[in-house]
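Trainee: I have a structure here, written as structure tokens, and I will follow up with some questions on it.
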Amino acid sequence: MTDLLWLVIAIPLAMATINILIGRRLGEPLSGILATVAVGVSFVLAAIPAVDFIAGTGEPVTIRLFTWIPTMGVEAELLWDPLSMLLTLIVTGVGALIHLYSIGYMHGDERFPRFFSFLNLFIGSMLILVLAANYAIMFIGWELVGLCSYLLISFWFTKPTAAAAGKKAFIVNRIGDWGFLIALMLLFASFGTFDFGVIFATAPAVLSVGMATAITLMLFAAATGKSAQIPLYVWLPDAMEGPTPVSALIHAATMVAAGVFMMARSAVLFELAPATGVVVAIVGVATALLAAVIAMAQKDIKKVLAYSTISQLGYMVLAIGVGAYSAGIFHMTTHAFFKALLFLGAGSVIHAMAGEQDMPKMGGLRKLLPITFLTMAAAWLAISGIFPFSGFWSKDEILAATFNEGGVFYVLWLVGVVVALLTAFYMTRLMVMTFFGSGRWDEGVEPHESPASMTIPLIVLGLFTVGIGFINTPFRLGFEHFLDPAFQGVAHPEEMSAALIWTLAALTTVVTLGGIAWAWARYRRSELPAESGVWWRRALGGFFVDDFYGDVIVAPSRAAADLAVTTDEKALDGVAYGLGSGVKSLGTTLRPVQSGKVRSYAGVLAIAGIVLIVAMVIIGGGF
Amino acid sequence: MGNASFIAVAFEVVLLTGALVTILVGVVAGRNRSVWGPLVGMFFLLSAVAGLWQWLEVQADGGGLYFSTQNLPIMRSPMVVMDGFSSFAAVILGLVGFVAFLGSWDLQVRLGKRAVEFSSLMLLGVAGLHMMAATPNLVVVFIGLETASIAFYVLAGFTRTVHGSDEAALKYFLLGSLASAMFLYGVALTFAATGSLSLYGENSILNFLSSHIVSQPGILLAGMSLMLVGLMFKISAAPFHQWAPDVYQGAPNAALGLLVAGVKIAGFAAIARIFVEGMASQIDTWAPIVAVIATISMIVGVVMALVQDDIKRLLAYSGVSHAGYILTAIVAGSGGYSAMWFYLATYAFMVVGAFTVVSMVSGPGSSATSIDSLKGLGKRNPEAAWLMAVLMLGMAGIPFFTGFVGKVLAFTSAANADYVWLVVIGVVTTVIGLAYYLRVILTMFSSDEGVELATLDVSMSARFAVIIGATVTVVFGVVPWPLLDVVRNALPL
């Protein structure tokens, strides 16, 4: 069945092409339905060979499509192993649900087919990224998803904020991509190939610690862009200008996890560079903390979720840093479901409130949007880490792994626990402000439950959110061993005693419950508390990191760009135009030679022939 | 290889049969284009298939073969050769002939009953061209040259009622005959110096030159010079190029694709075989001269193209500069073969596509076509405009188009042969050349006032010709390796 794997990528790409060419003729909703079906078919095509892995009998395979750059030995190859299988299923599965949801959400949009074309293009690009069997192909997917992200964030480009947000996302990501490119060059210089198989098999022998550190730091730089870590996280909150399904699919479930996935894929390299691991762990936990604090004070429902995403990505990056790759991928999996659900739920709320995103203007929606409320509540408990919802298992696994590292990592663990507390707080705040209390709606707003095409994905994602955690409990149902083939050659951390695991889990649960109780007590009152303190304001403004970047980086860059333009227009163009007109006047001077008279042409031909003979005789050594 | 001797001439046999059959069918169904039109296309494709057959035989055989005429003792030398060179040229010529035929369909429609003759002349001409590439005998080269040239003289003047076409044909004929005569004189002098007309075989020029020290090489040098003049004329290298702009301007648009592309392929094949192969021992004598001709061609072509107002004259001068670029590969000797073939094969499709677009805009038969007549094409027929843009970028040598790959290959081989100064001139002229190709693109997409904006309808076959040209330009620009693998094996015997 793996022979047909290329179709998993090809079908969404083909559908994207169809929609861009004749989408208008297909119209609404047919173009959306076809796009959804395309992703669904991809899911099924990936699910059939996936059965082998789930049954435990599958072997990783490399599927060669064609030779791309023979001189550099770059093959267009797909790698089908448990890791790429898992990602493929998430991307197509969650993707199909979000496509379905979008049919309802984008109803009436003028560029409806275009939207689905972009979504399909994104699915295809993301699959190229996750299924790549070498860094070159992965980089293509990496760049393509960046492009799709840009196209979709600024989908409503007539809105200046949306256009600016798209640009910001693109530029910030380019900074990270620069790291990826350098890593690619270093890898090629070291190995002479981009192929995963060769690189991972020979890395311990080929790479010095210094080179491994350089490569992994560059890869991590790339990941901070795509996976929104300090210092490049600033694009993600703005990315919420895009349509909500886009936020759910790209900026919560799949694309932002690409950095984590890429680092997990490169686990062998990260194992060789312990210093990078420490940097990664510290950046991850710091991002988790900073984003959680900012999320506490946000008023826009999507902004809360955006910062929450950054915070959760911080957890995943922490997992990579401490070498708990399966734990990171596990959290990525559970997060994909509950965060997609939260975004879609938020979308449903915004839809119901006629576009209102401000939480202080919501409230009391519990009775009016029962399905949205119940499913979002499941996600709320999951992300907070309440037993037995999925987030509990995955987050605890990361924290336990961090604790297990000992030494300085105890501090990181402690910060992680604090973040768990804050997470519980801001999520509870969101739920209470939105669904409980009395309605603080604007005049004329009449909330209503969303159509079935939107609620069905919510329900399906809700079921997964509750259940997906059980694939990897400390009871060892086998997820970690399931991923083993993908992490061959990576040392497994020591096993921890069950007692310790449960103690740590209980501890975080208590802290989490504390966070929930804190927020519940604070926001359950009839009047919302005034959040006007200086720290509230600072947190609401994201600690003004954007302004700082604006002053320190953007403004000087702009000045430099202006200078470059002036230089180019005044100095360089002058030279170029001067040369151009010089050459041109030479041509005009030569023109009369082309008289049009056969006689003169024949004369020139004869003279040129004689000159040639003379030259030949001189060079050839005379008669 | 039992009937290999037939395979060796299969290409010519197919095309000559095609020319005769077309004329015979034309007698019966001259006005019924739907009868003989597909027939001509089929013969062109069949000839490409014959070339492919030769190619596969040669590759399987791992070299090539030549065939002697045993019963003519005085001419006891091989007349036909089948090797990577000739079979690759056969495939390309067959395909280019086919695409050019597609592109000329609108003209055929307009010509009515005379179209049959036009088509059979195209078939004849291509057969002659391939003869130049598939023979080791200098006299047969001449015969091929004349077969093709006479067919093309007629094609150039085919629309003689249109102003300028008769003038173009006559100029082409007079100057072409002069050049052919010089070539023939060169052949005679070479025979006088070496006692042989053939490049291969027992009594070959190659053997003579490698076994004798020519103490008084004057006759040989003069012979080489004159052959060079004749061939340089055909490929329109400067300063032997002056006929080209005048002839292109006057000749029917639809005939030009084949006229330009085909002659270049055959001319370069002959130059490579005669000089790079046959006169390999004299490379230090002729290579500097070819390098100078390449330099003059690049500079004159680029500079003159800048000041043209007529798109056909522009393409003519651009052709002069391209001749210069391909000559940089010739200068490199046998190290430049793959560059030469890659460049020729891809340039041929660009040229045919570009002239087809020109004939879409100004009509297949008409002569002078100012660049301004392309104005508004972006609106009138966006497809044609975009494809033309691709072709122009290809000719300009922008990365991801075949022109870039071809230039890189040609310059690399020249640099490897220590002609770095030639490469520098090549790069500089390429940059300057960008200006006029971009001018064409800008003209097509400019939205000036007072431009006719009526939709431009074009025939299906002309569209196909342009689409094929642009597709080749992009596909082998992005993924050149398959073609590179092929041209690497397109070697002479």
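Trainee: Which number in (1) open to solvent by 10 Å² or more (accessible area, probe 1.4 Å); (2) under 17 Å from the mean Cα position of the chain (by Cα); (3) touching a residue at least 24 places away in the same chain (Cβ under 8 Å); (4) over 23 Å from B:Ala462 (Cα atoms) marks the one condition that B:Ser180 misses?
Mentor: With respect to (1) open to solvent by 10 Å² or more (accessible area, probe 1.4 Å); (2) under 17 Å from the mean Cα position of the chain (by Cα); (3) touching a residue at least 24 places away in the same chain (Cβ under 8 Å); (4) over 23 Å from B:Ala462 (Cα atoms), B:Ser180 is out only on (1).
Trainee: Select, from A:Ala378, A:Ala400, the only residue that is out of contact with any Leu (no Cβ under 7 Å at 6 or more places or on another chain) and touching a residue at least 12 places away in the same chain (Cβ under 8 Å).
Mentor: One residue alone meets the criteria, A:Ala378.
Trainee: Does B:Ser373 satisfy being open to solvent by 10 Å² or more (accessible area, probe 1.4 Å) and out of contact with any strand residue (DSSP E or B) (no Cβ under 8 Å at 6 or more places or on another chain)?
Mentor: Yes, satisfied.
Trainee: Moving to a separate point now. Give me a count of the residues in the range A:586-621 that are more than 7 Å from chain B (Cβ to nearest Cβ) and not in a helix (DSSP H, G or I).
Mentor: Going through the range A:586-621 one residue at a time, the tally reaches 2.
Okay, residues lined up against (1) under 24 Å from the mean Cα position of the chain (by Cα); (2) open to solvent by less than 40 Å² (accessible area, probe 1.4 Å); (3) more than 11 Å from every other protein chain (Cβ to nearest Cβ); (4) farther than 27 Å from A:Ser595 by Cβ:
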| site | (1), (2), (3), (4) |
| --- | --- |
| B:Thr159 | yes, yes, yes, no |
| B:Thr190 | no, yes, yes, yes |
| B:Leu199 | yes, yes, yes, yes |
| B:Glu202 | no, no, yes, yes |
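Trainee: For residues that are assigned to a helix (DSSP H, G or I) and open to solvent by 10 Å² or more (accessible area, probe 1.4 Å), scanning just the range A:306-324, find the one that is nearest to A:Trp393 (Cα to Cα).
Mentor: Out of the qualifying residues, it is A:Gly321.
Trainee: OK, next. Which one of A:Gly406, A:Gly391, A:Gly416 is at positive phi and either open to solvent by less than 30 Å² (accessible area, probe 1.4 Å) or modelled with pLDDT under 85 (or both)?
Mentor: A:Gly406
Trainee: Same structure again: Can you tell me which residue in the range A:603-614 is farthest from B:Val290 (Cα to Cα), limited to those that are surrounded by fewer than 17 Cβ atoms within 10 Å (Cβ to Cβ) and of a type outside the set (Val, Ile, Thr)?
Mentor: Out of the qualifying residues, it is A:Gly603.
Trainee: Identify, from the list A:Val565, A:Val583, A:Val575, the residue that is modelled with pLDDT under 80, more than 9 Å from chain B (Cβ to nearest Cβ), under 60 Å from the mean Cα position of the chain (by Cα) and more than 16 Å from B:Leu175 (Cβ to Cβ).
Mentor: A:Val575
Trainee: Right, another one. Every residue in the range A:507-538 that is assigned to a loop (DSSP other than H, G, I, E, B), over 20 Å from A:Phe436 (Cα atoms) and open to solvent by 50 Å² or more (accessible area, probe 1.4 Å), please.
Mentor: Residue satisfying the conditions is A:Ser532 alone.
Trainee: Checking A:Ile456 against (1) over 26 Å from the mean Cα position of the chain (by Cα); (2) of a type in the set (Val, Ile, Thr); (3) open to solvent by 10 Å² or more (accessible area, probe 1.4 Å); (4) closer than 20 Å to A:Ala378 by Cα: exactly one of these is not met. Which one?
Mentor: So A:Ile456 meets the others, but not (1).
Trainee: Which ones in the range B:204-228 are surrounded by 22 or more Cβ atoms within 10 Å (Cβ to Cβ) and not small (Gly, Ala, Ser)?
Mentor: If the condition is that a residue be surrounded by 22 or more Cβ atoms within 10 Å (Cβ to Cβ) and not small (Gly, Ala, Ser), then B:Ile205, B:Leu220, B:Leu221, B:Met224, B:Leu226, B:Met227, B:Leu228 are the ones that fit.
Trainee: Something else now. Could you say whether any residue in the range A:434-452 is at pLDDT 85 or above, under 24 Å from the mean Cα position of the chain (by Cα) and open to solvent by less than 60 Å² (accessible area, probe 1.4 Å)?
Mentor: There is no residue in the range A:434-452 that is at pLDDT 85 or above, under 24 Å from the mean Cα position of the chain (by Cα) and open to solvent by less than 60 Å² (accessible area, probe 1.4 Å).
Trainee: If you don't mind, there's one more thing I want to ask. Go through the range B:229-313 and tell me which helices (runs of 4 or more DSSP H), entirely inside it, have 1 or more residues that are within 12 Å of chain A (Cβ to nearest Cβ) and either buried (at least 24 other Cβ atoms within 10 Å of the Cβ) or under 17 Å from the mean Cα position of the chain (by Cα) (or both).
Mentor: By residue number, B:243-250, B:283-306.
Trainee: Limited to the range B:146-157, what total is found for residues that are of a type in the set (A, V, I, L, M, F, W, C) and open to solvent by 20 Å² or more (accessible area, probe 1.4 Å)?
Mentor: So the answer is 2.
So that you can scan it fast, the table gives a plain yes or no per residue for (1) part of a helix (DSSP H, G or I); (2) more than 19 Å from B:Trp341 (Cβ to Cβ); (3) open to solvent by 20 Å² or more (accessible area, probe 1.4 Å):
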{"residue": "B:Met392", "(1), (2), (3)": "yes, yes, no"}
{"residue": "B:Phe400", "(1), (2), (3)": "no, yes, yes"}
{"residue": "B:Gly403", "(1), (2), (3)": "yes, no, no"}
{"residue": "B:Asp457", "(1), (2), (3)": "no, yes, yes"}
{"residue": "B:Gly477", "(1), (2), (3)": "yes, no, no"}
{"residue": "B:Ala490", "(1), (2), (3)": "no, no, no"}
{"residue": "B:Leu493", "(1), (2), (3)": "no, no, yes"}
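Trainee: To continue, here is another question. When you check B:Leu155 against the structure, is it more than 23 Å from B:Ser87 (Cα to Cα) and touching a Pro at 6+ places or on another chain (Cβ under 8 Å), yes or no?
Mentor: yes
Trainee: Six or more apart or on different chains, Cβ atoms under 9 Å: show the pairs whose first residue is in the range A:440-455 and within 16 Å of A:Gln357 (Cα to Cα) and whose second is of a type in the set (Lys, Arg) and surrounded by 11 or more Cβ atoms within 10 Å (Cβ to Cβ).
Mentor: These pairs meet every condition: A:Arg440/A:Lys361; A:Trp441/A:Lys361; A:Asp442/A:Lys361; A:Val445/A:Lys361.
Trainee: Let me ask something else about it. Kindly establish whether B:Glu167 is of a type in the set (D, E, K, R), touching a residue at least 12 places away in the same chain (Cβ under 8 Å) and more than 14 Å from chain A (Cβ to nearest Cβ).
Mentor: Here the answer is no, as B:Glu167 does not meet what is asked.
The values are calculated or read from the model by the stated rules, or taken from the named source; none is laboratory data. A quick note: this is a predicted structure, and the numbers were derived from the prediction, not measured. Don't worry about glycine lacking a Cβ; one is built from the backbone with ideal geometry, like all the others, and counts go over all protein chains shown. Side chains included, ligands, DNA and RNA excluded: accessible areas come from the protein's heavy atoms. Shrake-Rupley method; radii C 1.70, N 1.55, O 1.52, S 1.80 Å.
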